[in-house]
Amino acid sequence: MMVTYLQAINQAMAEEMARDENVMLMGEDVGVMGGAFKVSEGLQDRFGKLRVVDMPIAESLIIGAGVGLAVQGMRPILEMQFIDFISCGFDQIVNQAATLRYRHGGQTSCPIVIRGPSGAGVHGGLYHSQNPESWFFSVPGLKIVAPATAYDAKGLLKSAVRDDDPVLYFEHKFLYRRIKEDIPDEEYLVPLGQAALRAEGTDLTVITYGATVHPAVQAARDLAGEISVEVIDLRSLAPLDWNAISASVRKTGKALIVHEARLTGGIGAEIAARIGQELFEDLDGPVMRLASADTHNAFAAPLEAWILPDLHKITEAIRKLARY
Amino acid sequence: MNEQTERDLYYRMVLVREFEGRVSALDKQGKLAGGVYSGRGQEAASIGVCHGLRVDDWIFPLHRDMGAVLAKGADPNRLMAQIFGRRDGFSKGKDSYLHGGDLPHGIFGATSMLGSTLPVATGMAYKFRMKNEDRVAVAFFGEGASSRGDVHEAMNFAGVHKLPVIYVCENNFYAYSTPNELQFAVENVADRAAGYGFKGEVASGNDLHAVLQAMQKATDRARRGEGPTFIELKTYRYHGHSEHDRAAYRTDEELVTWESRDPIELWEHYLDKRKYDLQAIKAETLARAQQVVADAVAFAEASPEPEGPEAMDDLYATPIPGGSPA
Ligand SMILES: Cc1ncc(C[n+]2csc(CCOP(=O)(O)OP(=O)(O)O)c2C)c(N)n1
């Protein structure tokens, strides 16, 4: 069936709520309105007001309440209307949800999913464009996923709901309606922690996730015949599929990491360091990174375009790395 | 109030309505990127709150307070350039709408994190108190934002130290689609002020007289060192939450009822009762407001877009060598 990335997320929630009565959704305007982006459209009609809950504007409460519900065996999906507002619930995530199991010596788990629209490219300005994955990347106890396709958006969310740990699920708002894909009618899951190979190649590896997967694949296609590019879509950032990364980099000898989140302190920094340390002898060039500029997500079109990685910048970076 | 003041207040409300109306129209024409949050219907609240403030007092507007920004003295041309994301906007294109602020006029730039300016306003008021300055800080927020912890934390501290800060809650009954009964269990948000140890007042936000009166009392109290006031203004936004929202969660009847209490029409009614020449005032005011708006649009359209590398400007007071922490 043909679905958009957004519909895939809606289906995942609907299927999981139908499968397990302990799955529920809480967030601002998720019920009557079906969400600011219509991601939860129809769910309150189908599952009722007790399970699809319109919450006050209080992200700290939404997340903390989710933890309380989880300890009682519920499996709440907690929506941030825009993912930027996850900052307002930061303490509940890093000190409450992430440590819950550890501090109780394994007596309990924290099966919550925190999801919401992240990412730039829609002139959202400083507070409606952020990619907060690196804020959480160094926090133990959290899992982080970032789907690039409708297929993965559905399969990863279903896995996240069934996972017993807190999962941060960063959906990309730029992809919501821009991607339409044929996905299976029958139920499927995409396991957390497994990358996907989006293009096969032998000259160099592009490691990416989220919205930048698409221009990376396009660049690989455009360069075919000139440079043979392998593209790995990480899908999960924690746990990270190191096996997929290392196998590919061993094969090609060159790695370029591309992501939309800022360069400094980004996920790419960690991956680059690990490649440098563990695969040094396999490398034929420097490990390179391409990411958003180290500034805020500015509003005006020329500023935003300058900040973000795009097809042109990816193509140039691939060419540069290939020359080594 | 003398005639001049009454006519000036009228002009200000009309200017806000024309300004916001034009912004909505530009948005519909696809000429603006980003969200547009119209405060149409809430003009008396914006104008009334700012009317008695001095340039050295401060306001902390929320996303719907374009009117307050204009009333506090922001240059309409620069404000329009800000909305267009142009270089002459207060944030030079870094963000749009009310995120720029106009500091020389005592207008703090909003962020999108609802309620998060209340602690800032409170800190500012602490400084006024500490240095014995008879200035006030006025923080606007919606009834929806009142659910956030930051809001509670700020008011609690202001109560403890009797700070010269005024918390203005514009209660328009919906936070996006969420009605008040899902937001809080008290009837008036202002009822909560008691819990912080200061006075809460409820007034009609559509009645300019009521707003002016409530603010007068609150600013007097603040300047006399008697501490904060919570003012809740009951009002209504005619448009959806943003221009993309068709507001299907509310009824047409409800809208019609509120439109019959339109703040600008109520004021016209009042001017009429004062036996001024209302028709002449209306025509003259509208023409004047429309000219200001037309000039602002022309100014904004002529203002250059920022260039890409300017994205690195204004990040630090003392630039980091190489332009990034890396
Ligand atoms: C912390 C935070 N959470 C969520 C949002 C998304 N959001 C923007 S405006 C809004 C509704 C605001 O309602 P209210 O505070 O009553 O002000 P109004 O828009 O009604 O004037 C929401 C949920 C946000 N901006 N900030």
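Answer yes or no: is there a residue in the stretch B:226-234 that is surrounded by fewer than 19 Cβ atoms within 10 Å (Cβ to Cβ) and assigned to a loop (DSSP other than H, G, I, E, B). It would help to see each step written out before you state the result.
Let us first name the residues in the stretch B:226-234 that are surrounded by fewer than 19 Cβ atoms within 10 Å (Cβ to Cβ), namely B:226.
Checking the rest, the ones that are also assigned to a loop (DSSP other than H, G, I, E, B) come to B:226.
Checking the stretch B:226-234: at least one residue is surrounded by fewer than 19 Cβ atoms within 10 Å (Cβ to Cβ) and assigned to a loop (DSSP other than H, G, I, E, B).
As a summary of the residue check, B:ASP27 satisfies the conditions (1) open to solvent by less than 30 Å² (accessible area, probe 1.4 Å); (2) within 14 Å of chain A (Cβ to nearest Cβ); (3) assigned to a loop (DSSP other than H, G, I, E, B) except for the one numbered (3). In summary, A:ALA12 fulfils each of the numbered conditions (1) within 16 Å of the ligand (Cβ to nearest atom); (2) surrounded by 20 or more Cβ atoms within 10 Å (Cβ to Cβ) with the single exception of condition (1). Counting the residues of the stretch A:32-52 that are under 24 Å from the mean Cα position of the chain (by Cα), surrounded by 16 or more Cβ atoms within 10 Å (Cβ to Cβ) and touching a residue at least 12 places away in the same chain (Cβ under 8 Å) gives 8.
Reported count of residues in the stretch B:210-225, each being within 22 Å of B:MET124 (Cα to Cα) and part of a helix (DSSP H, G or I), is 10.
Could you grab me the full set of residues in the stretch B:56-98 that are on the phi > 0 side of the Ramachandran plot and within 16 Å of the chain's Cα centre (by Cα)?
The answer is B:GLY73, B:TYR97.
Just to be sure, is A:LYS180 open to solvent by less than 20 Å² (accessible area, probe 1.4 Å) and charged (D, E, K, R)? Before the answer, list the steps.
On the way: open to solvent by less than 20 Å² (accessible area, probe 1.4 Å): no; charged (D, E, K, R): yes.
Answer is no for this residue.
When restricted to residues that are near the ligand (Cβ under 7 Å from one of its atoms) and open to solvent by less than 20 Å² (accessible area, probe 1.4 Å), the stretch B:149-177 contains 3.
Go through (1) away from chain A (no Cβ under 14 Å); (2) within 16 Å of the ligand (Cβ to nearest atom); (3) among the hydrophobic types (A, V, I, L, M, F, W, C) and name the single condition B:LEU9 misses. So the condition that B:LEU9 fails would be (2).
Residues are listed down the side, and each one gets a yes or a no for (1) aliphatic (A, V, I, L, M); (2) open to solvent by 10 Å² or more (accessible area, probe 1.4 Å); (3) part of a helix (DSSP H, G or I):
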residue	(1), (2), (3)
A:THR212	no, no, yes
A:GLN218	no, yes, yes
A:GLU226	no, yes, no
A:VAL231	yes, no, no
A:ASN243	no, yes, yes
A:SER248	no, no, yes
A:LYS251	no, yes, yes
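The residue that is farthest from the other protein chains (Cβ to nearest Cβ), among those in the stretch B:183-209 that are surrounded by fewer than 20 Cβ atoms within 10 Å (Cβ to Cβ), part of a helix (DSSP H, G or I) and touching a strand residue (DSSP E or B) at 6+ places or on another chain (Cβ under 9 Å), is B:ALA194. Would you pick out the residues in the stretch A:153-175 that are of a type outside the set (A, V, I, L, M, F, W, C) and under 10 Å from the mean Cα position of the chain (by Cα)? Result: A:TYR169, A:GLU171, A:HIS172. Scanning the stretch B:125-134 for residues that are closer than 16 Å to B:TYR167 by Cβ and open to solvent by 40 Å² or more (accessible area, probe 1.4 Å) gives B:TYR126, B:ARG129. Looking at B:LEU70, B:LEU98, B:LEU62, just one residue is within 16 Å of the ligand (Cβ to nearest atom) and in contact with a Phe, Trp or Tyr (Cβ under 7 Å, 6 or more places away or on another chain), and that residue is B:LEU62.
Do we have B:SER242 as loosely packed, with under 14 Cβ neighbours inside 10 Å and either polar (S, T, N, Q) or within 16 Å of the ligand (Cβ to nearest atom) (or both) here? Write out each step before concluding.
Values: loosely packed, with under 14 Cβ neighbours inside 10 Å: no; either polar (S, T, N, Q) or within 16 Å of the ligand (Cβ to nearest atom) (or both): yes.
Judged against the criteria, B:SER242 is not a match.
Among the residues of this structure, B:PHE84 counts as one that is aromatic (Phe, Trp, Tyr) and buried (at least 24 other Cβ atoms within 10 Å of the Cβ).
Look at B:GLY106 and say whether it is within 14 Å of another protein chain (Cβ to nearest Cβ) and crowded, with 17+ Cβ neighbours inside 10 Å. In short, no.
The values are calculated or read from the model by the stated rules, or taken from the named source; none is laboratory data. Everything numeric here is computed off the predicted structure, so don't read it as measured data. Reconstructed Cβ throughout: ideal geometry from the backbone, glycine too, with neighbour counts over all protein chains shown. What goes into the accessible areas is simple: the full protein's heavy atoms, side chains included, and nothing from ligands, DNA or RNA. Shrake-Rupley method; radii C 1.70, N 1.55, O 1.52, S 1.80 Å.
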